[in-house]
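The structure under discussion appears below in the form of structure tokens.
The values are calculated or read from the model by the stated rules, or taken from the named source; none is laboratory data. Computed from a predicted structure; not experimentally measured. Cβ placement follows ideal geometry from the backbone for every residue including glycine, while neighbour counts extend to all protein chains displayed.
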Amino acid sequence: MTEHTEESVRAEVRAWLDSNWDPDLTLLEWRNRLVDSGWGMPQWPKEWFGRELSVGFLRVIDEEFKRVDAITVARKGATTLAGQTILTHGSDMLKEKFLRRSLTGEDAWCQLFSEPGNGSDLAGAMTRAERKGNKYIVNGQKVWTTSAHLADYGLLLARTDLDVPKHDGLSYFILDMRQPGVEVVPLRQMNDHSSFNQVFMTDAEVAPEYLLEEEGDGWRIATTTLMHERRNADSNRRKVEPTNRPGRIFEEEAEEIATAMAPYTWYPQRSGRVDLVIQRAQETGKIDDAVVRQEIAKLMALANSADWTAKRARAAQEQGRAPGPEGSLGKLAASVVARAANRVHTLISDADAMLTGDDSPMDGVIAEVLISTPAISIAGGTDEIQKNIISERVLKMPKETRFDTGRPYREVPKNALPER
């Protein structure tokens, strides 16, 4: 077995890029070539479009891709989460059908987890998937589904059994989003964006082979998806921005980015825009205000600490450790930083922060920060959920008292429509 080193991996990927990278290819042609080479997801198994390299080599590979400005595999919507989940839990048939197309960008994905009737209690999902003959019939409603209006397929968590405890009655499916039984309705946010959707399923159909593992395994599989989401273990190794470089491939990538990233244009604002704080304080003269300076110092301390936590998570990934509670630590830290940044921007801009239109600071960016930051405490798992995970899994504190475990979910009071 060949022993890989940073030098050998760098030399190998550089030689392959020098021989194969061609900006005049179509985006699909290049990505198929990349997928076949294994350099698109080098940490994946060889039989599934990878090279079985340690994730510790991703930095080196990234540097070589940046050297020639080469495009990576597709990273739109929940595509990466779909790939990781199917790779871990999917049958060979599902891997054959979906992994390549998720990496080339031919299929777009969304995540059908949250529901309006169960808040942060993901295990309380009431969307039903009932086996009838040679198919499952799905009825229910999902909410906060990013990019559902663009998705070809959805990662669906649905209840297949009401007569067991709630975590045991969930199953995990791949749902065809283009079928007549699926209706996607956009939700308008207070920052005037529309990134999220409601999804209504009325007698939608799923073939049995689109069930991941077995009935009742849904909670365990969903945990895999959520760990990757919170840790962002496979975040894009290339900044998702179009380039002005000439070549057909860059033109097609720009079109893809414009469509795929449209729902996410406000995401930098929901994180608080710490990067703008010093600039704004200098522009407004508030840098001379002792109270503002003190709040800026607190914010920078929080932001740097959060960054160090993220670096620890990346270091754990490079050592090959499975995603763990550090994802929840980073997620909660991001919420704390966003709220602190919101407060500091308000101190700096005063009432002007509430203005829109031509008078709004930084063409409305600061106002958008103020009305977007609450989202980060909710999306991807609420702050309260992250605190529970940290207390139970990191601090080893006793679990809070529960009244909905150990009994059939049919008997548990629910904030949901009566079962059919």
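Quick check: is even one residue across region 47-59 in a helix (DSSP H, G or I), farther than 27 Å from Thr225 by Cα and either touching a strand residue (DSSP E or B) at 6+ places or on another chain (Cβ under 7 Å) or not hydrophobic (A, V, I, L, M, F, W, C) (or both)? The answer is no, given that none of the residues of region 47-59 is in a helix (DSSP H, G or I), farther than 27 Å from Thr225 by Cα and either touching a strand residue (DSSP E or B) at 6+ places or on another chain (Cβ under 7 Å) or not hydrophobic (A, V, I, L, M, F, W, C) (or both).
If I filter region 1-33 down to residues being not hydroxyl-bearing (Ser, Thr, Tyr) and not in a helix (DSSP H, G or I), which single residue comes out as modelled with the lowest pLDDT? It comes out as Met1.
Restricting Glu241, Glu256, Glu252 to those that are at pLDDT below 80 and outside the structural domain of Phe65 (by TED's automatic domain parsing) reduces the list to Glu241.
Residue count for region 306-329, restricted to those that are assigned to a helix (DSSP H, G or I) and either modelled with pLDDT under 70 or of a type outside the set (A, V, I, L, M, F, W, C) (or both): 10. Looking at region 84-104, can you tell me whether even one residue there is free of Cβ contacts under 8 Å to residues at least 24 places away in the same chain and surrounded by 15 or more Cβ atoms within 10 Å (Cβ to Cβ)? The answer is yes, given that some residue of region 84-104 is free of Cβ contacts under 8 Å to residues at least 24 places away in the same chain and surrounded by 15 or more Cβ atoms within 10 Å (Cβ to Cβ). Looking only at region 7-47, how many residues end up being charged (D, E, K, R), more than 15 Å from Phe65 (Cβ to Cβ) and touching a residue at least 24 places away in the same chain (Cβ under 8 Å)? Number satisfying all stated conditions: 1. One residue stands out among those in region 148-193 that are part of a helix (DSSP H, G or I) and aliphatic (A, V, I, L, M): the one that is farthest from Gln111 (Cα to Cα), which is Leu150. Taking region 115-129 as the range and being of a type in the set (Ser, Thr, Tyr) and crowded, with 22+ Cβ neighbours inside 10 Å as the test, only Thr127 passes.
Every residue in region 142-159 that is surrounded by fewer than 20 Cβ atoms within 10 Å (Cβ to Cβ) and either of a type outside the set (D, E, K, R) or under 15 Å from the mean Cα position of the chain (by Cα) (or both), please. Correct list: Val143, Thr146, His149, Leu150.
For region 190-223, give me each residue that is in contact (Cβ under 8 Å) with a residue 12 or more places away in the chain and farther than 22 Å from Met126 by Cβ. Answer for region 190-223, where residues must be in contact (Cβ under 8 Å) with a residue 12 or more places away in the chain and farther than 22 Å from Met126 by Cβ: Met190, Asn191, His193, Ser194, Ser195, Ala207, Glu209.
The conditions of being more than 21 Å from Thr79 (Cβ to Cβ) and out of contact with any Pro (no Cβ under 7 Å at 6 or more places or on another chain) are met by Ala129. The set of residues in region 347-395 that are farther than 18 Å from Gln279 by Cα, over 19 Å from the mean Cα position of the chain (by Cα) and not in a helix (DSSP H, G or I) comprises Leu355, Thr356, Leu395.
The test for being outside the structural domain of Asp192 (by TED's automatic domain parsing), more than 19 Å from Ser305 (Cα to Cα), assigned to a loop (DSSP other than H, G, I, E, B) and in contact with a helix residue (DSSP H, G or I) (Cβ under 8 Å, 6 or more places away or on another chain) does not hold for Thr401.
Counted as qualifying within region 66-142 are the strands (runs of 3 or more DSSP E) with 3 or more residues that are closer than 29 Å to Pro408 by Cα, modelled with pLDDT of 95 or more and outside the structural domain of Glu52 (by TED's automatic domain parsing), namely 128-132, 135-142. The condition (being at negative phi, without any contact (Cβ under 8 Å) to a residue 40 or more places away in the chain and among the hydrophobic types (A, V, I, L, M, F, W, C)) is satisfied by just one residue among Val182, Val143: Val182. Just wondering, is there one or more residues in region 261-280 that are of a type in the set (Val, Ile, Thr), modelled with pLDDT of 80 or more and within 30 Å of Asp24 (Cα to Cα)? Scanning region 261-280, I find at least one residue that is of a type in the set (Val, Ile, Thr), modelled with pLDDT of 80 or more and within 30 Å of Asp24 (Cα to Cα), so the answer is yes. Answer yes or no: is there a residue in region 17-36 that is within 26 Å of the chain's Cα centre (by Cα) and exposed (fewer than 13 other Cβ atoms within 10 Å of the Cβ). Within region 17-36, one or more residues are within 26 Å of the chain's Cα centre (by Cα) and exposed (fewer than 13 other Cβ atoms within 10 Å of the Cβ).
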